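Below is one structure, written out as structure tokens; the observations come after it.
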There are 2 protein chains.
Amino acid sequence: MTFPVVGMVGGGQLARMTHEAGIPLGIRFRLLSDTPQDSAALVAGEVVVGDHRDLGTLRDFARGCDVITFDHEHVPTDHLRALEADGIPVRPGPDALVHAQDKGVMRERLDSLGVPCPRHRIVQDPADVAAFAAEVALAEDEAGSEGAGTSDGAGFPVPVVLKTVRGGYDGKGVWVVRSTGEAAVPFRAGVPVLAEEKVDFARELAACVVRSPHGQAVAYPVVESVQVGGVCDTVIAPAPGLPGDEAVTAQQLALRIAQELGVVGHMAVELFETRDGRVLVNELAMRPHNSGHWTQDGAVTSQFANHLRAVLDLPLGDPRARARWTVMANVLGGDYPDMYSAYRHCMARDPQLKIHMYGKDVKPGRKVGHVNTYGDDLDDVRERAAHAAGYLRGTITE
Amino acid sequence: MTFPVVGMVGGGQLARMTHEAGIPLGIRFRLLSDTPQDSAALVAGEVVVGDHRDLGTLRDFARGCDVITFDHEHVPTDHLRALEADGIPVRPGPDALVHAQDKGVMRERLDSLGVPCPRHRIVQDPADVAAFAAEVALAEDEAGSEGAGTSDGAGFPVPVVLKTVRGGYDGKGVWVVRSTGEAAVPFRAGVPVLAEEKVDFARELAACVVRSPHGQAVAYPVVESVQVGGVCDTVIAPAPGLPGDEAVTAQQLALRIAQELGVVGHMAVELFETRDGRVLVNELAMRPHNSGHWTQDGAVTSQFANHLRAVLDLPLGDPRARARWTVMANVLGGDYPDMYSAYRHCMARDPQLKIHMYGKDVKPGRKVGHVNTYGDDLDDVRERAAHAAGYLRGTITE
């Protein structure tokens, strides 16, 4: 057998779905998982249980792998460099991945590339945050923005977004603060804190691209991502009403970032679309991403298959959509632990529904799966996805 | 967790692809495999290595499974009855499955249902085969068939197909004989032998259906199956030029057989299309089948996903095609063991190509994978599939 071994660090749902996409390719998939009960560990053939923060564990795991890739961004950058020094291809490599691991590094690099971002600055303490808020308010005044500069006594003139530079996801490690008192909380962890203007965006978009080591790259259709409570709720592909030239601009921006940063594999560029049609980069994720789950049933080649093809330096697959509209809705845990019993109703109601569950125990608010729907009528496709996600969660009962 | 455990007996590529299709459903998949290197055992999480012909092994395996289903038809019927007596749902059940296990039982039952089949009879020895050949020649003469009755001395007036009633597949256990001397071979195994007329068919078709325990059933589009050397080479969905009423007739025939025989799960009905537009049943397979592999990329719901939904008594998924044409081409082993090195060329030449490899060692003539292509232009779709299959095998080098 000359088929390569892909080592996947992390046993979450992204690893699970990457394994699923790798089965047809005939490659061997080796998993480093925190526990035997992790989402991917339940369905994969070769599972090593161990701690991805321990270099010895990583080295043992990597021996015999042809390439290492990731389910998450939490492996220390120095460990990745050590694996590379051992001669193991790490994709994406540490020099690229650090931009998805550290929001401070990411902002600095995007600034140097002239990529449009929200106003931002590393801040030292609550007083520094207050100064940042004043700067943003002044800049917005000068730009003639509505609503800026309306101070409410002891509060900031504008709200400020604070983020720990490492470790946040799905709304964790992110705060919106309006006063020096509120601004004290994020500093307690002892991690550097990034302040960003709170963008008054029209909606959130995502531009997903895949790049291979020899520089081939493909761009998926730009999608709209609807967030609820800081967590992605629905993704619509393509983003409704997005003018063609704006979509191309967003795709080119993502392709340029991938090239400049030397990304290998799938990268999601989360974007704010402003009310005047500009896009600002919100976050980068260098791995398969929630905003690309629609591709499993809606694109010729899924993000998971293309991520694998990229990390193996194989030619990439066609990223185009197969349907006029595809909608992904996340399934969160609700009050009913028995999600399987909801299958009967959901499948009978919509024989075209695609359910993707992660094998996780149901906990309120936990992402335990998603559904995809597709078709020609956006209202119908959205309704079907929302209904199935709500019925599985238990918030819709008919 | 309330998700069910599906026990799959047999570790071949059908089990492998069923596991792949089960991952999104979040079900647990438990495999009984002959060896740890079997196709499905390489990629599944819960693997029991054991002999499916041993009742004790089957009973141990079945404990803790919510339902048992199959990758092949080789489990002894009595063992299946014993599992049912233990209270384990076996799907398809032994009363249905016996028709896919024993060609004699199958022909007798289809006769009783009035389903059109080739002329046939259980034969006892070579002299009996000669008598059968004479009967067929006479019947064909009476029907005014061309070419019948041309005897060549010591030979039969028409060739006869002999099949052992159990154990054959992919051309194994099947002989075309033209004399009593040739007819001696099949009797040597000591298994009952079925004689069938050699149908002068226009082409082979397959009608695939899925049926659930409570009686819901779906029919996939009727496909054309192109055989080379007794092995399926290419499947075209839908069958080109098949009149709509003939397609519906074939689907209805397959649905009726599924209902009458109490089939649960996927069933492929292999058909001969005669030159005057009639269809005769060639074989039945009660499991996912090579003639349904196109559904992985060409239908809304794959045969594997629908087989799982059926054995779990979940509502079935939409069987309709997603593309105008889908073509599946089997990849056989050739002279070059390193099939992975062919990926680069195949993927670069056709970014829409879907490769499905089974993780098997390459041996000349062995089915080691298949490819699917789809699109609007049948000639183009066929060319792409044939090229990729040939390039992977090594018979095409550019």
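See the values below:
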quantity	calculated
Restricting the stretch A:312-330 to residues that are under 18 Å from the mean Cα position of the chain (by Cα) and among the aliphatic types (A, V, I, L, M), the residue that is surrounded by the most Cβ atoms within 10 Å (Cβ to Cβ)	A:328
Checking residue A:232 against (1) surrounded by 23 or more Cβ atoms within 10 Å (Cβ to Cβ); (2) modelled with pLDDT of 95 or more, the condition it does not meet	(2)
Members of the stretch B:45-77 that are within 14 Å of chain A (Cβ to nearest Cβ), in contact with a Lys or Arg (Cβ under 9 Å, 6 or more places away or on another chain) and over 22 Å from residue B:317 (Cβ atoms)	B:45, B:46, B:47, B:48
Verdict on residue B:223 being in contact with a Cys (Cβ under 9 Å, 6 or more places away or on another chain), of a type in the set (Val, Ile, Thr), under 24 Å from residue B:173 (Cα atoms) and crowded, with 21+ Cβ neighbours inside 10 Å	no
Hits in the stretch A:143-173 (condition: among the charged types (D, E, K, R) and either part of a strand (DSSP E or B) or modelled with pLDDT of 95 or more (or both))	A:163, A:172
Pick from the stretch B:255-272, criterion surrounded by fewer than 24 Cβ atoms within 10 Å (Cβ to Cβ) and outside any helix (DSSP H, G or I), ranking: nearest to the other protein chains (Cβ to nearest Cβ)	B:262
Which numbered condition residue B:92 misses (of (1) of a type outside the set (S, T, N, Q); (2) assigned to a loop (DSSP other than H, G, I, E, B); (3) within 14 Å of chain A (Cβ to nearest Cβ))	(3)
Candidate set from the stretch B:340-369 (those that are under 22 Å from residue B:15 (Cα atoms) and assigned to a loop (DSSP other than H, G, I, E, B)); member that is farthest from the other protein chains (Cβ to nearest Cβ)	B:365
Qualifying residue in the stretch A:273-296 (condition: surrounded by fewer than 23 Cβ atoms within 10 Å (Cβ to Cβ), within 9 Å of another protein chain (Cβ to nearest Cβ) and not in a helix (DSSP H, G or I))	no
Residues (of a type outside the set (A, V, I, L, M, F, W, C) and under 16 Å from residue B:19 (Cα atoms)) located in the stretch B:33-64	B:33, B:36, B:37, B:38, B:39, B:45, B:46
Residue among B:379, B:335 that alone is within 27 Å of residue B:207 (Cβ to Cβ) and not small (Gly, Ala, Ser)	B:379
Elements of type strands (runs of 3 or more DSSP E) in the stretch A:174-215, at least 3 residues being touching a residue at least 24 places away in the same chain (Cβ under 8 Å)	A:193-197, A:201-211
Filter result (within 12 Å of residue B:235 (Cβ to Cβ), in contact (Cβ under 8 Å) with a residue 60 or more places away in the chain and not small (Gly, Ala, Ser)) within the stretch B:375-398	B:382
Tally of residues being touching a residue at least 24 places away in the same chain (Cβ under 8 Å) and more than 27 Å from residue A:179 (Cβ to Cβ) across the stretch A:107-137	5
Selection within the stretch A:1-16 - more than 19 Å from residue A:59 (Cβ to Cβ), in a loop (DSSP other than H, G, I, E, B), within 13 Å of chain B (Cβ to nearest Cβ) and in contact with a Ser or Thr (Cβ under 8 Å, 6 or more places away or on another chain)	A:2
Near pairs, Cβ below 9 angstrom, 6+ apart or cross-chain, from the stretch A:216-231 (more than 30 Å from residue A:364 (Cα to Cα)) to any residue that is assigned to a loop (DSSP other than H, G, I, E, B) and of a type in the set (Ser, Thr, Tyr)	A:218/A:301
Checking residue B:333 against (1) at pLDDT 95 or above; (2) surrounded by fewer than 24 Cβ atoms within 10 Å (Cβ to Cβ), the condition it does not meet	(1)
Residues within the stretch A:298-325 that are among the polar types (S, T, N, Q) and assigned to a helix (DSSP H, G or I), tallied	2
Qualifying position, being within 25 Å of residue A:97 (Cβ to Cβ), in contact with a Gly (Cβ under 8 Å, 6 or more places away or on another chain) and either of a type outside the set (Lys, Arg) or modelled with pLDDT under 95 (or both), among A:213, A:192	A:192
Residues (farther than 14 Å from residue B:368 by Cα and either assigned to a helix (DSSP H, G or I) or within 13 Å of chain A (Cβ to nearest Cβ) (or both)) located in the stretch B:326-339	B:326
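The rows are residues; the columns are (1) among the basic types (Lys, Arg); (2) free of Cβ contacts under 8 Å to residues at least 12 places away in the same chain; (3) closer than 30 Å to residue B:270 by Cβ; (4) not in a helix (DSSP H, G or I).
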{"position": "B:32", "(1), (2), (3), (4)": "no, no, yes, yes"}
{"position": "B:39", "(1), (2), (3), (4)": "no, no, yes, yes"}
{"position": "B:53", "(1), (2), (3), (4)": "yes, no, yes, yes"}
{"position": "B:59", "(1), (2), (3), (4)": "yes, no, no, no"}
{"position": "B:75", "(1), (2), (3), (4)": "no, no, yes, yes"}
{"position": "B:84", "(1), (2), (3), (4)": "no, yes, yes, no"}
{"position": "B:98", "(1), (2), (3), (4)": "no, no, yes, no"}
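Each row is one residue, and each column tells you yes or no for (1) within 25 Å of the chain's Cα centre (by Cα); (2) surrounded by fewer than 21 Cβ atoms within 10 Å (Cβ to Cβ); (3) small (Gly, Ala, Ser).
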residue	(1), (2), (3)
B:344	no, yes, no
B:353	yes, no, no
B:360	yes, no, no
B:365	yes, yes, yes
B:386	yes, yes, yes
B:390	yes, yes, yes
B:393	yes, no, no
B:397	no, yes, no
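The values are calculated or read from the model by the stated rules, or taken from the named source; none is laboratory data. Owing to the predicted nature of the structure, the values given are computational and were not obtained by experimental measurement. Note: ideal-geometry Cβ built from the backbone for every residue, glycine included; neighbour counts use all protein chains shown.
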